[in-house]
Amino acid sequence: MRADDGRAADDRIERELYGSGAVWVAGVDEVGRGAWAGPVVVCAALAAPGCPPPPVLPGRGGRPVRLTDSKLLSEAHRAAFAEALPDWLAGHAIGESSAAEIDEVGMTEALRRAARRALDALPHRPDAIILDGGHDFLRGPWRVRCEVKADRRSVTVAAASVLAKVYRDGLMAGLAARHPEFAFDDNAGYPAPEHQRALAALGPTPYHRLSWSYLDDLPQWRHLRRHRDPLAGTGQMSLL
């Protein structure tokens with residue numbers, strides 16, 4: 001699937017929510033859930049009725065590149081959208097949970113905390129939230145609409161997807177300067193081959209998630225594995 005093939009995100013879900021009385025609608029998406037290192041990052045992107053169409057970028061052969069799931073966009077197009085989106089949105093905010101916090105409370109609770117930090121930092125309180133996926137991990141007090149593949153269907157969730165991805169990739173590129181062997185600038189903390197080789201040879205950095213099961217496969221570093229107190233949060237330690 002390509003971002004310029006006519007299957008870009010649109011505002012139909014937003015318009016349904018505006019029609020039901022919502023004024024401020026926020027799209028929420030995350031990045032970094034399945035990484036072995038680095039934080040999980042959540043972006044909340046805010047729009048209101050009357051918001052103009054999102055920016056469109058030029059693509060190959062003059063074909064337009066429209067806003068969609070960040071994974072369907074090239075790095076250059078993600079960067080260009082990330083530069084243009086703040087002027088289009090009514091506001092956006094980033095929240096994150098560190099690897100240490102994920103180890104302490106589990107991924108689900110860490111994701112909830114990161115999302116709440118982002119939502120609390122918005123300039124206006126959302127009347128409704130569009131959440132990517134089929135599970136409401138926020139647990140109130142907002143009105144939440146869960147939509148599977150919302151990052152390909154909702155312009156605000158697509159915007160959140162792009163902004164979260166660009167922010168986290170930049171953060172991981174900064175960590176790569178401190179730990180070049182792990183190539184975080186290329187793999188963003190996900191288990192790419194060079195990451196796995198460096199991990200086996202050097203052991204985890206301070207930015208690795210030590211409660212995750214990959215350490216069980218590294219006998220020389222298995223003693224560093226953390227086992228979360230089940231009372232510390234409601235999240236889970238398994239890879240998602």
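The values are calculated or read from the model by the stated rules, or taken from the named source; none is laboratory data. Predicted model only: the values in this text are computed from it and were never measured. Positions of Cβ are backbone-derived with ideal geometry, glycine not excepted, and every protein chain shown enters the neighbour counts. Heavy atoms of the whole protein, side chains included, go into the accessibility calculation; ligands, DNA and RNA do not. Shrake-Rupley method; radii C 1.70, N 1.55, O 1.52, S 1.80 Å.
In summary, A8 fulfils each of the numbered conditions (1) touching a strand residue (DSSP E or B) at 6+ places or on another chain (Cβ under 9 Å); (2) in a loop (DSSP other than H, G, I, E, B); (3) of a type outside the set (S, T, N, Q); (4) closer than 28 Å to E104 by Cβ with the single exception of condition (4). Checked against the criterion of being modelled with pLDDT of 95 or more and either of a type in the set (D, E) or open to solvent by 20 Å² or more (accessible area, probe 1.4 Å) (or both), the range 38-55 has no qualifying residue. Only one of the numbered conditions (1) in a strand (DSSP E or B); (2) buried (at least 16 other Cβ atoms within 10 Å of the Cβ) is violated by E104, and that is (1). Mind listing just one residue for me: the one in the range 174-191 that is open to solvent by less than 50 Å² (accessible area, probe 1.4 Å) and not in a loop (DSSP other than H, G, I, E, B) and, of those, farthest from R78 (Cα to Cα)? Out of the qualifying residues, it is F182. R152 meets all of the listed conditions (1) without any contact (Cβ under 8 Å) to a residue 24 or more places away in the chain; (2) crowded, with 16+ Cβ neighbours inside 10 Å but one, namely (1). Among the candidates V162, V166, the residue that is closer than 23 Å to A9 by Cα, within 16 Å of the chain's Cα centre (by Cα), aliphatic (A, V, I, L, M) and open to solvent by 10 Å² or more (accessible area, probe 1.4 Å) is uniquely V166. Can you find a residue that is at pLDDT 95 or above, touching a Ser or Thr at 6+ places or on another chain (Cβ under 8 Å) and of a type outside the set (K, R) anywhere in the range 137-146? Among the residues of the range 137-146, not one is at pLDDT 95 or above, touching a Ser or Thr at 6+ places or on another chain (Cβ under 8 Å) and of a type outside the set (K, R), which makes the answer no.
Every listed requirement among (1) more than 24 Å from R7 (Cβ to Cβ); (2) in contact (Cβ under 8 Å) with a residue 40 or more places away in the chain; (3) of a type outside the set (A, V, I, L, M) is met by D185 save one, (2). Across the range 160-173, not a single residue is classified as of a type in the set (K, R) and part of a loop (DSSP other than H, G, I, E, B). For the range 54-72, name all the residues that are assigned to a loop (DSSP other than H, G, I, E, B) and either of a type in the set (A, V, I, L, M) or in contact (Cβ under 8 Å) with a residue 60 or more places away in the chain (or both). Correct list: P54, V56, R66, L67, T68, D69.
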